[in-house]
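See structure below.
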Amino acid sequence: MSRVANPYDNALAESFMATFKTECFDETPRTRVDAQLKVFDYIETFYNPKRLHSALGDPSPVESENQFDQHQTNT
C-alpha cells in the first residue's frame, strides 16, 4: 500500500514529472492557456513521437505502437 509523501511508491510517475518539468517548462507560462498549449505540444510533438523510452527497448511510443500494429497485421 502506498504511503503518504513517499515518491518511491510511484517511481514511474515521479520520473515522468521530473523529466517533464525539466524539458517542457524552461520558463514559466504567462497564462493557463499558454501552459495547456505547452503541455500539449510537449507530449504530442516530442514526448510520444520522438523521445526514446528505455522501458520500451528504446523506440519512441509511436514507433513501438507501429511495430505492434505491424505484428498484429502479419499474424
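Each reported figure results from applying straightforward, stated rules to the coordinates on display, with no laboratory input. Only a predicted model underlies this, so the values are computations on that prediction, with no experimental measurement involved. Methodologically, a virtual Cβ is constructed for each residue, glycine included, from the backbone with ideal geometry; neighbour enumeration extends over all protein chains shown.
Values computed for the structure shown
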| read-out | value |
| --- | --- |
| Residue-wise HN-Hα coupling along the range 11-22, computed from phi with Karplus coefficients 6.51, -1.76, 1.60 (Hz; x: Gly, Pro) | 4, 4, 5, 5, 5, 4, 5, 5, 5, 4, 4, 5 |
| Over the chain: helical MRE at 222 nm, DSSP H runs n ≥ 4 each giving -39500 (n - 2.57), nearest 500 | -16000 deg cm²/dmol |
| Rough spin-label spacing in nm, given labels placed 7 Å along Cα→Cβ, for Gln36 and Asp9 | 3.1 |
| Alpha-carbon gyration tensor eigenvalues x 5, square-rooted, for the chain, Å | 27, 21, 10 |
| The chain - charge dipole about Cα centre, Lys and Arg +1 at Cβ, Asp and Glu -1, debye rounded to 20 | 260 |
| Which of Ile43, Phe25, Thr73, positive extreme of dipole for the range 7-74 (C-beta unit charges) | Phe25 |
